[in-house]
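Undergrad: Please find one structure pasted underneath; my questions will follow.
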Amino acid sequence: MTGRGIPVAPDADAVRLVVLGGSAPATVQLIDALAARRGAMASRLDVVLHGRSTERLGAVASAAALRADALGLAANIVGETSRDAALDGADIVLNQIRPGGLEERSADESFPHEFGLPGEETLGPGGFASAIRSVATLRPVWADVARCSPDALLINLTNPAGIVTQAARQEFKLDVIAVCDSPLDLLSKAAERLRGRDAADPPGATLRTRYVGMNHVGWYVPASSADLGQLAGLVPGLDPDLPRLHGALPGPYMRYYAHPDRMLAAQRGRATRADELRELAGSTLAAFGRGEIPPAWQRPAPWYSLAVVPLIDAWLTGPGSTLILGLPNHGRLAWLPDDVIIEGPATMAIHGRAEPLPVAELPDLPRGILARHAAYERLASTCLAAGPPADDDMVRTLLANPMVSSLDQAKALAAAIVTRMSAFDPEWR
């Protein structure tokens, strides 16, 4: 299946961008982000959307082509159901596969309630359930990437991004880079609060050298206590006292570690975020099927414009603004293992490797929180990269999770996750 975009002449030097999980409706917003940075990419992009459903993939590919036409993006956009055919000749591979879809995400966000914990697809027991499913489902995908395009720029969006990326690196020795929009959005808002609208391009770029953490567990460390004082109350859902107590500005997902009781109370009796997204996805796909592009996106996908496309742009054109990337620690935080995936400042060489930059020193309280979270992620990625985890591995990993408070709770959660995984894939073990 083929979408046109603005027709471009055949070009042996065209960059082949492959999107795994490309049938997600939000993928069309990747075209918006590419068009906004068309300077380096206008006449040399082949975009290959890979997915399993011919009907759904055709609707998304057609919508992406319509969007490219409307925005004047010169690109060839095609849909492909064969993973080998999609990966053949890939220069850039973006993995955004969601194993189990939004239905399983909804379960990740709700089953922890039975154990007195909030649900979330990247943190806590919901995040661990998501990690088990994602690493197992992506194993043949990464194997195909290693066989077909190991030297491509490999970008991972699949959650939990840190665990998924570390497991792929451990098992397949692939140079996978994790990206996330959350730190970039936080820094943009902090820059606006501190200095009004930041004149840097993009907003918040001047603050990036002082951001450090792991996926959804990170902080901006201001250069002065005066700056820190101005940031109280900036992040919705976080107690305004937390920046002062942490000595740094936590990201928005810290509310699951700082206020699990509040998050659980807010979630009980309400539809999960995944259920809301499933409804939006259905209406968006229906519009695509009618040849319509929504005049405004009901679910913005800022990860493309803030994280994915700036990385691609840097890889194509050379270092520009400092990026925030998920890369192995490799001594940047001497008190953490080298192989855990740290989100922090980095640069990218043209058609080369990402180069991590030194990170800010964390105060004691954030350091303690991050150390426990890192132990959890390392246990999770190590046992999952080795294959289906044994019961003891699951309990041990859950005991390290900052949201789990006892051995009995960890054992009960592990049993519940095994039951869910066995229903999702009866042959997973």
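The values are calculated or read from the model by the stated rules, or taken from the named source; none is laboratory data. Everything numeric here is computed off the predicted structure, so don't read it as measured data. Cβ: placed from backbone, ideal geometry, glycine included. Neighbour counts: every protein chain shown. Surface areas here come from the heavy atoms of the whole protein model, side chains and all, with no ligands, DNA or RNA. Shrake-Rupley method; radii C 1.70, N 1.55, O 1.52, S 1.80 Å.
Undergrad: Could you count how many residues in segment 314-335 are part of a loop (DSSP other than H, G, I, E, B) and not small (G, A, S)?
TA: Residues flagged as part of a loop (DSSP other than H, G, I, E, B) and not small (G, A, S) within segment 314-335 amount to 7.
Undergrad: Given the condition assigned to a loop (DSSP other than H, G, I, E, B), touching a residue at least 60 places away in the same chain (Cβ under 8 Å), acidic (D, E) and farther than 23 Å from D338 by Cα, answer yes or no: does some residue in segment 161-184 qualify?
TA: Taking every residue of segment 161-184 in turn, at least one turns out to be assigned to a loop (DSSP other than H, G, I, E, B), touching a residue at least 60 places away in the same chain (Cβ under 8 Å), acidic (D, E) and farther than 23 Å from D338 by Cα.
Undergrad: Also, quick follow-up: Return the only residue of E120, E171 being in contact with a helix residue (DSSP H, G or I) (Cβ under 8 Å, 6 or more places away or on another chain), closer than 30 Å to D261 by Cβ and open to solvent by 10 Å² or more (accessible area, probe 1.4 Å).
TA: E120
Undergrad: Here is a check on your reading of the model: is G352 open to solvent by less than 70 Å² (accessible area, probe 1.4 Å), more than 19 Å from A167 (Cβ to Cβ) and not basic (K, R)?
TA: yes
Undergrad: Name the residue that is modelled with the lowest pLDDT, counting only residues in segment 289-305 that are in contact with a Leu (Cβ under 7 Å, 6 or more places away or on another chain), surrounded by fewer than 21 Cβ atoms within 10 Å (Cβ to Cβ) and under 23 Å from D185 (Cβ atoms).
TA: Checking each candidate, the answer is Q298.
Undergrad: Mind listing whichever residues of segment 228-253 are without any contact (Cβ under 8 Å) to a residue 40 or more places away in the chain and either touching a strand residue (DSSP E or B) at 6+ places or on another chain (Cβ under 9 Å) or assigned to a loop (DSSP other than H, G, I, E, B) (or both)?
TA: L228, A232, G233, P236, G237, L238, D239, P240, D241, L242, P243
Undergrad: Check segment 306-313 and report whether any residue there is assigned to a helix (DSSP H, G or I), under 15 Å from H216 (Cα atoms) and modelled with pLDDT of 95 or more.
TA: The answer is yes; a qualifying residue exists.
Undergrad: Condition first: open to solvent by 40 Å² or more (accessible area, probe 1.4 Å) and either under 22 Å from the mean Cα position of the chain (by Cα) or without any contact (Cβ under 8 Å) to a residue 60 or more places away in the chain (or both). Now tell me which residues in segment 47-79 satisfy that.
TA: Answer for segment 47-79, where residues must be open to solvent by 40 Å² or more (accessible area, probe 1.4 Å) and either under 22 Å from the mean Cα position of the chain (by Cα) or without any contact (Cβ under 8 Å) to a residue 60 or more places away in the chain (or both): R52, S53, T54, E55, L71.
Undergrad: Answer with yes or no whether G237 is on the phi > 0 side of the Ramachandran plot, touching a Lys or Arg at 6+ places or on another chain (Cβ under 8 Å) and surrounded by fewer than 21 Cβ atoms within 10 Å (Cβ to Cβ).
TA: yes
Undergrad: What number of residues within segment 134-161 satisfy the criterion of being open to solvent by 20 Å² or more (accessible area, probe 1.4 Å) and of a type in the set (G, A, S)?
TA: 3
Undergrad: Please go through segment 313-332 and give me each residue that is in contact with a helix residue (DSSP H, G or I) (Cβ under 8 Å, 6 or more places away or on another chain) and open to solvent by less than 20 Å² (accessible area, probe 1.4 Å), ordered by number.
TA: The answer is L323, I324, L325, G326, P328.
Undergrad: Answer yes or no as to whether A286 is without any contact (Cβ under 8 Å) to a residue 60 or more places away in the chain, exposed (fewer than 13 other Cβ atoms within 10 Å of the Cβ) and part of a helix (DSSP H, G or I).
TA: yes
Undergrad: Turning to a different aspect of this structure: Just to be sure, is A131 open to solvent by 20 Å² or more (accessible area, probe 1.4 Å) and within 19 Å of D425 (Cβ to Cβ)?
TA: Considered against the rule, which asks whether it is open to solvent by 20 Å² or more (accessible area, probe 1.4 Å) and within 19 Å of D425 (Cβ to Cβ), A131 comes out as no.
Undergrad: With respect to the numbered conditions (1) modelled with pLDDT of 95 or more; (2) touching a Pro at 6+ places or on another chain (Cβ under 7 Å), which one is the sole condition not fulfilled by Y220?
TA: (2)
Undergrad: While we're on this one: Any residue that is among the small types (G, A, S), more than 15 Å from Y257 (Cα to Cα) and either open to solvent by less than 20 Å² (accessible area, probe 1.4 Å) or out of contact with any Cys (no Cβ under 9 Å at 6 or more places or on another chain) (or both) - is there at least one of those in segment 366-373? Before you say what the answer is, go through the steps one by one.
TA: Taking segment 366-373 as the starting set, the residues that turn out to be among the small types (G, A, S) are 368, 371.
From the residues that got through so far, the ones that are more than 15 Å from Y257 (Cα to Cα) too are none.
There is no residue in segment 366-373 that is among the small types (G, A, S), more than 15 Å from Y257 (Cα to Cα) and either open to solvent by less than 20 Å² (accessible area, probe 1.4 Å) or out of contact with any Cys (no Cβ under 9 Å at 6 or more places or on another chain) (or both).
Undergrad: Considering only segment 245-261, state which residues are more than 22 Å from the chain's Cα centre (by Cα), more than 15 Å from G124 (Cα to Cα) and surrounded by 15 or more Cβ atoms within 10 Å (Cβ to Cβ).
TA: Listed by number, the residues that qualify are H246, G247, A248.
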